[in-house]
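Here's the structure we're looking at; comments come further down.
The values are calculated or read from the model by the stated rules, or taken from the named source; none is laboratory data. All of these numbers come straight from a predicted model, not from anything done at the bench. When we count neighbours, we look across all protein chains shown, and the Cβ atoms used for this are built from the backbone with ideal geometry, even at glycine.
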Amino acid sequence: MLDIKFIRDNLEICKTAAKNKNRDVDWDAILMLDDKRRELIGASEKLREERNKLTRDDQTRGKSIKQELKAIEDELRSVEEKFGLLMLTVPNIPDKSVPVGKDASGNVEVKKWGKVPKFAFEAKDHIELSKSLDLIDFERGAKVGGSRAYFLKNEAAQLEFAVLFYTFNKLVKKGYTPMIAPSLVRDFTLFGSGQFPWGRDDVYRLERDDVYLAGTAEVPVTAYFADEVLEESDLPKKFVAFSPCFRREAGSYGKDTRVVYRLHQFNKVEQVIISTNDMNNSFTLHEELLANAEEILQDLVLPYRVMLMCTGDMGEPQVKKYDIETWMSGRPSASSGRGSYGETMSNSVMGDFQARRLKIRYKTRSGTMMFAHTLNNTAIASPRILIAILENYQQKDGSVRIPKVLQSYIGKEVISRSA
């Protein structure tokens, strides 16, 4: 959430940001309601001041003030509710380094790592490999859980635990506090993270209990300090969190829906940082999160590229966002038919946008109260990362080599039919 004073002082900047993020905002209504809100607050304070000066002999006026105050406070509650809902529709301001673009075509490649594999045989995609090696059962998954459900089997099940646990421990060694986060969350966490109101259609709701299934550990972990005041000396707070994730993927039909790339349920290890209200420091931490994610892919020896997301593809809460796309040999490509990069990690810095919504503040060393900054990054998500492993590590005989850093978890070097 942006500060209304910032909006008033920088209205054209806010309007341009919303336009560049493809979001409509009723600016006139926001300003009108804010004016009314200020007017009512002023009238209320004036009446309270008058009431405080009344003597015991002014009982008639005292009763009149009480009635007037009730009417004003009832109207103020209504105005503030409408004002608050409209303020939730205002997206964050992107950094000047972010390219302006309408959609993914405006994203900019900033770096590339690794050598794309060249096979001397007809390569298979992860679907063919999974079936031939009995790693994923799509048919029974659909029978039991419906569309985009699946069973990971045999070494694929071990591989998921291995890559998640390897990543989790790696970040713990870097000083990140380990967490297992709840997937069931209350609605304030989704408003706080900025997924609501924009992404409501993509979230599962359990109506009977009035809770939601989170699509990322970012949601519960960012809300961990909601309504709390921290000490500047304790920041930054760095977390690595595991959670099962759930997404309806509304509106994604026909887009990246090939089996285990875009799913309703998956597991993820997320990096989350709560830090001080210093944009330069936050950009430094943003690069740290990116470096962590890159290091994981380099450990797995998977080719990838880093994309700087444009305004129209970065999301509403972000100040700046990177996507890391990993090479998937069987992924459809418009230019070459097969083989392209697919997003496996997202890396975002939010400024104080989420902290304002969640009321996460800290007291500076001088005693000033400030809203914190928040950042997050997908350290690893599975089974999407398994696509890259299976397709890039496949062998001519139909087997799949296991990345060296994961072999000790699985107890073998190769997944084969005879294993």
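Being hydroxyl-bearing (Ser, Thr, Tyr), surrounded by 16 or more Cβ atoms within 10 Å (Cβ to Cβ) and touching a strand residue (DSSP E or B) at 6+ places or on another chain (Cβ under 7 Å) is the requirement here; does Thr189 meet it?
Considered against the rule, which asks whether it is hydroxyl-bearing (Ser, Thr, Tyr), surrounded by 16 or more Cβ atoms within 10 Å (Cβ to Cβ) and touching a strand residue (DSSP E or B) at 6+ places or on another chain (Cβ under 7 Å), Thr189 comes out as no.
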Next on the checklist: Looking for something outside any helix (DSSP H, G or I) and either at pLDDT 95 or above or β-branched (Val, Ile, Thr) (or both) - is there at least one such residue anywhere in segment 284-291?
Outcome noted: no
Item to check | Members of segment 124-150 found to be under 21 Å from Phe242 (Cα atoms) and either aliphatic (A, V, I, L, M) or modelled with pLDDT of 95 or more (or both), listed by number | outcome: Ala149
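Name the residue that is surrounded by the most Cβ atoms within 10 Å (Cβ to Cβ), counting only residues in segment 80-111 that are within 19 Å of Asp323 (Cα to Cα) and among the acidic types (Asp, Glu).
Of everything passing the filter in segment 80-111, Asp95 is surrounded by the most Cβ atoms within 10 Å (Cβ to Cβ).
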Checklist entry - Which condition number does Arg77 fail, the rest of (1) under 25 Å from Thr89 (Cα atoms); (2) surrounded by 12 or more Cβ atoms within 10 Å (Cβ to Cβ) being met? => result (2)
Item to check | Condition met for Gly42 (of a type outside the set (A, V, I, L, M) and surrounded by fewer than 13 Cβ atoms within 10 Å (Cβ to Cβ)) | outcome: yes
Checklist entry - Out of (1) polar (S, T, N, Q); (2) modelled with pLDDT under 95; (3) in contact with a Leu (Cβ under 6 Å, 6 or more places away or on another chain), what's the single condition that is false for Ser418? => result (3)
Checklist entry - Could you say which residue among Val211, Val172, Val116, Val144 is closer than 19 Å to Leu263 by Cβ and out of contact with any Asp or Glu (no Cβ under 7 Å at 6 or more places or on another chain)? => result Val144
Item to check | Candidate set from segment 371-407 (those that are part of a helix (DSSP H, G or I) and basic (Lys, Arg)); member that is surrounded by the fewest Cβ atoms within 10 Å (Cβ to Cβ) | outcome: Lys404
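For segment 102-125, which positions are outside any loop (DSSP other than H, G, I, E, B) and among the hydrophobic types (A, V, I, L, M, F, W, C)?
The answer is Ala104, Val108, Val110, Trp113.
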Item to check | Single condition Asn347 does not satisfy, out of (1) assigned to a loop (DSSP other than H, G, I, E, B); (2) surrounded by 21 or more Cβ atoms within 10 Å (Cβ to Cβ) | outcome: (1)
Checklist outcome for this item: Within segment 112-124, of all residues that are touching a Gly at 6+ places or on another chain (Cβ under 8 Å) and not charged (D, E, K, R), the one surrounded by the most Cβ atoms within 10 Å (Cβ to Cβ) is Ala123
Next on the checklist: Just to check your reading of the model, which residue among Thr364, Thr368 is surrounded by fewer than 23 Cβ atoms within 10 Å (Cβ to Cβ), of a type outside the set (Gly, Ala, Ser), under 29 Å from Lys237 (Cβ atoms) and touching a helix residue (DSSP H, G or I) at 6+ places or on another chain (Cβ under 8 Å)?
Outcome noted: Thr364
